[in-house]
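I have placed the structure first, in the form of structure tokens, so that the comments after it can refer back to it.
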Amino acid sequence: MAKNTKNNDWKDRLNVVYSTNPDFRYETSAEEETPTLPAGQQPLRVRLDRRNRGGKVVTLVTGFAGTDEDLKELGRMLKSRCGVGGSAKDGEIIVQGDFKEKVVELLRQAGYTQTKPAG
């Protein structure tokens, strides 16, 4: 007696303990990613940040609206052009070091015309 588990993966049901209903189907509420806005419409803010970083300075780019894949691609471009490390997650790009002016210039060259240095 093989069950069709194609749409009922056990990983999707990790928070369900038990159900007595034989017809129970666990429904996930898949979050839809927002489509990435064109570069000219992205209201990005670039600022320096020292909070919770042990006194080290990082350049923080916030305000990105789009998919995680596009965010990571933009972060990859900024980090490689600055020659440093960092990360891109939760709508923020972190570039290690004080590269505020360089990041603003790189974003403008890439077509992000609404980029503003904050604070």
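For Arg47, the conditions (1) closer than 21 Å to Gln114 by Cβ; (2) among the basic types (Lys, Arg); (3) assigned to a helix (DSSP H, G or I) all hold with the exception of (3). Within the stretch 72-102, the set of residues being charged (D, E, K, R) and more than 18 Å from Ala118 (Cβ to Cβ) comprises Lys72, Glu73, Arg76, Lys79, Arg81, Lys89.
Every condition in (1) charged (D, E, K, R); (2) farther than 24 Å from Thr34 by Cα; (3) surrounded by 13 or more Cβ atoms within 10 Å (Cβ to Cβ) is met by Arg51 except one, and the failing one is (3). Looking at the stretch 57-106, which of the residues that are in a loop (DSSP other than H, G, I, E, B) and in contact (Cβ under 8 Å) with a residue 40 or more places away in the chain is least open to solvent (accessible area, probe 1.4 Å)? Across the stretch 57-106, the extreme among qualifying residues is Gly97.
The values are calculated or read from the model by the stated rules, or taken from the named source; none is laboratory data. Being a predicted model, the structure only gives us computed values, none of them experimental. Please note: Cβ atoms are built from the backbone with ideal geometry, for glycine as well, and neighbour counts cover all protein chains shown. Surface areas here come from the heavy atoms of the whole protein model, side chains and all, with no ligands, DNA or RNA. Shrake-Rupley method; radii C 1.70, N 1.55, O 1.52, S 1.80 Å.
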